[in-house]
Amino acid sequence: MLDGKHIILGITGGIAAYKSAMLARLLIKAGAEVQVVMTPSAKEFITPVTMSALTGKPVVSEFFTANTGEWHSHVDLGLWADAMVIAPATACTIGKMANGVADNMLVTTYLSAKAPVFVAPAMDLDMMAHPSTTANIDKLRSYGNHIIEPASGELASHLTGKGRMQEPEVIVAELEKFFAESQSLKGKKVLVTAGPTYEKIDPVRFIGNYSTGKMGYAIAEEAAARGAEVTLVSGPVAIKAKHPAITVIDVESAKQMLAECQAAFPHADIAVMCAAVADYAPAEPADRKIKREKQEIPTITLVKNPDIAATLGAQKKPGQILIGFALETDNEMTNALEKLRRKNLDMIALNSLRTPGAGFGTDTNVLTLIKADGSESQLPLMSKRDAAARLLDAISPAK
């Protein structure tokens, strides 16, 4: 999986930098091309000569070469890489990365990187457990970075606890796994719905909900990262899709979303219905703004909106995979199982507004994945991007 891959290896100033030499060696042995970028303090722990000898490339540490003035372009490095691995990542560098403090070549390269970034923290146990460190790591994770959790053991302080940089073999295995998964949906077409729908009352008012689209967009990004061609039918949201393999179709109402889904579904291998579609719509929207000054209080007659997931479930062909979402406030499991059956779904993702960290507007979610065969998997609290990865793992055609 690493053969021919371009890897930036970022090394920061910690005692675990000695492991970076073995990490570089293992990456090259796996067929990767490695470019080392070091912070100035990293050179106090391992020399550029060592890393250059191992990789066959000059180490980049400063913005330019002092004696020639040759400029080292962090932008070009960011475009060159298939992945960036920062190992070890000290508390200082993690803080800079999380808050955009671009005062060295490594952080500017990170901020320019288009490829996935893997961060392997290494520090003393009290630094690792400090609220500022955990907040910065959570922030990096929310940006889509992959955190390779440190191991527990004896540290440089001779204390024992969590903070040891993972062994090079573990880091390489994480990269191998990532690139294997990145091909798991290659050649597949995936349809995703996201966000709310707005049902017009009049030209300035609507019936809607609090959905921000974060979960649906996370699923679309993860599917695209795994090689899929993604059609994202999105209600009104304030976020944008980033991956070039995602085609966004903007809609407003449930009827518009249904029409776009029916057009795309016959060509889809997988469809994930993540949008929070309004259940009802005004029967006769006013063509002018309803004025409060009128004496009578207006009565709005509602009609049922189409059930998009159920409609697609009735049209599903053999080999297609259809996943739904159930956001519940009570009788969660009973309601989710009923929707799974009634809508002819292959899997449903259940979450509850009663669970802290789940639901609308958060960057995290807590899902229970229930398959049509009755098997279920309870996911812990995690970022929505990580939850998207676990959902796609559960239904990947290769599994």
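The values are calculated or read from the model by the stated rules, or taken from the named source; none is laboratory data. Nothing here was measured: the structure is a model prediction, and the numbers come from that model. Note: ideal-geometry Cβ built from the backbone for every residue, glycine included; neighbour counts use all protein chains shown. Just so you know, the surface numbers come from the protein's heavy atoms only, side chains and all, with ligands and any DNA or RNA stripped out. Shrake-Rupley method; radii C 1.70, N 1.55, O 1.52, S 1.80 Å.
The table that follows gives values for the structure above.
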| read-out | value |
| --- | --- |
| Highest average packing first - 186-198, 379-391, Cβ atoms within 10 Å | 186-198, 379-391 |
| Radius 15 Å from Cβ of residue 98, net charge of other residues (Lys, Arg +1; Asp, Glu -1) | 0 |
| Peptides 214-221, 299-306, 261-268 ordered by average Cβ neighbours within 10 Å, highest first | 214-221, 261-268, 299-306 |
| Within the accessible area of the chain (1.4 Å probe), percent carbon and sulfur | 53 percent |
| Dipole moment magnitude, nearest 20 debye, region 258-399 about Cα centre, only Lys, Arg, Asp, Glu C-beta charged | 200 debye |
| Highest-fluctuation residue, 201, 348, 297 considered, GNM on the chain with Cα pairs under 10 Å | 297 |
| Gyration tensor verdict on region 118-218 (Cα atoms; rounded if a/c is under 1.5, prolate if a/b is larger than b/c, oblate otherwise) | oblate |
| DSSP bridge orientation in region 171-236 - percent antiparallel, rounded to nearest 5 | 35 percent |
| FRET efficiency, 1/(1 + (r/R0)^6) with R0 51 Å, evaluated for residue 286 and residue 99 via beta carbons | 0.60 |
| Order by protection proxy (mean Cβ within 10 Å, highest first), peptides 18-24, 95-101 | 18-24, 95-101 |
| Calculated from backbone phi, Karplus (6.51, -1.76, 1.60) coupling profile of region 341-355 in Hz, x at Gly/Pro | 6, 5, 9, 6, 8, 8, 7, 10, 9, 9, 9, 10, 5, 7, 8 |
| Among 134, 223, 53 - extreme Cα towards positive end, dipole of the chain, charges at beta-carbon | 223 |
| Counted charge near residue 265, where neighbours are those whose Cβ lies closer than 15 Å (Asp, Glu -1; Lys, Arg +1) | 0 |
| DSSP-defined antiparallel bridges as percent of all bridges, region 313-372, nearest 5 | 40 percent |
| 0 to 90° range, to nearest 10: angle between helix 131-142 axis and the chain longest Cα axis | 60 degrees |
| Net charge, residue 333 excluded, C-beta distance under 12 Å - Lys, Arg +1, Asp, Glu -1 | -4 |
| Which of 191, 261, 155, positive extreme of dipole for the chain (C-beta unit charges) | 261 |
| Accessible area per residue, Å², the chain with all protein chains present, probe 1.4 Å | 48 Å² |
